[in-house]
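For reference, the structure is listed below as structure tokens.
The values are calculated or read from the model by the stated rules, or taken from the named source; none is laboratory data. Remember, predicted model here, so these are calculated numbers, not experimental data. Backbone-built Cβ (ideal geometry, glycine too); neighbour counts: all protein chains shown. Calculation scope for accessible area: heavy atoms of the full protein, side chains included, ligands and nucleic acids excluded. Shrake-Rupley method; radii C 1.70, N 1.55, O 1.52, S 1.80 Å.
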Amino acid sequence: MDTEGVWRLVEQARGDTGGDDAEAVAARMTALLAQREPAEIVAFVQPLWDLLIASYRADLWAAAYMINGGASDDGFDYFRGWLVSQGRAVYNQATADPDSLAGLSTVLAAAEAGEDLECGDILSVAWHAHLQATGEELPPDALTIRYPPLDPDWDFDFDDQAEMRRRLPRLTALYYED
């Protein structure tokens, strides 16, 4: 399987669930994947994580920090899980321009309600599917995670409102009071 297969599964799960609830998308992805052959489930985990690794970027981390009122290492993982659950178009737009997230109705609603945007369950879709399908955990060599170095140009205190306003103006307009 490749990332195209991951996106097809994400889109099918979004279609089946209405797509607004990231945890429901993850649960549906797990259920759909668990119906496949064990080898296909194992082949799913690396391309999923390749997408998560590709979104491991300092500018997205700053956006996650803004949207969720902070983002630890785990919190950033969960945010990127949420990002994958939103589908390919949102993912691609956000990785090209993290400030574009300010235009999403989901982000607008979360900002209004003071809710975080996270989906940790996306990270374990293959693990849960494999367990459901076989009663066994994924093989330990099913996945390799190597994060790229973060862009040093984004190495600043994300609590610096002036810098965040300069770099993510649309998001800061949602989350900072004037």
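A few remarks follow.
- Calculated [θ] (222 nm, deg cm²/dmol) that DSSP helices of n ≥ 4 give over the chain, each run adding -39,500 (n - 2.57): -19000 deg cm²/dmol
- Accessible area in square angstrom per residue, the chain, 1.4 angstrom probe: 49 Å²
- Karplus-derived 3J(HN,Hα), 6.51/-1.76/1.60, for each residue of the range 144-153, Hz, glycine and proline x: 10, 10, 10, 6, x, x, 7, 4, x, 5
- Alpha-carbon Rg with Dmax, taken over the range 1-89, Å: 13.4, 40
- As a size descriptor, the averaged projected area of the C-alpha convex hull of the range 35-160 was calculated at 8.6 nm².
- Kirkwood's formula applied to the C-alpha pairs of the range 138-178 gives a hydrodynamic radius of 13.1 angstrom.
- Residue order by solvent-accessible surface for Tyr176, Tyr78 is Tyr78, Tyr176, largest first, with ligands and nucleic acids left out and a 1.4 Å probe.
- Rounded to the nearest whole Hz, the Karplus-based 3J(HN,Hα) values (6.51 cos²θ - 1.76 cosθ + 1.60, θ = phi - 60°) of the range 159-170 follow the sequence 7, 6, 4, 5, 5, 5, 4, 5, 8, 10, x, 6, with x at glycine and proline.
- Peptides 138-145, 125-132, 37-44 ordered by average Cβ neighbours within 10 Å, highest first: 125-132, 37-44, 138-145
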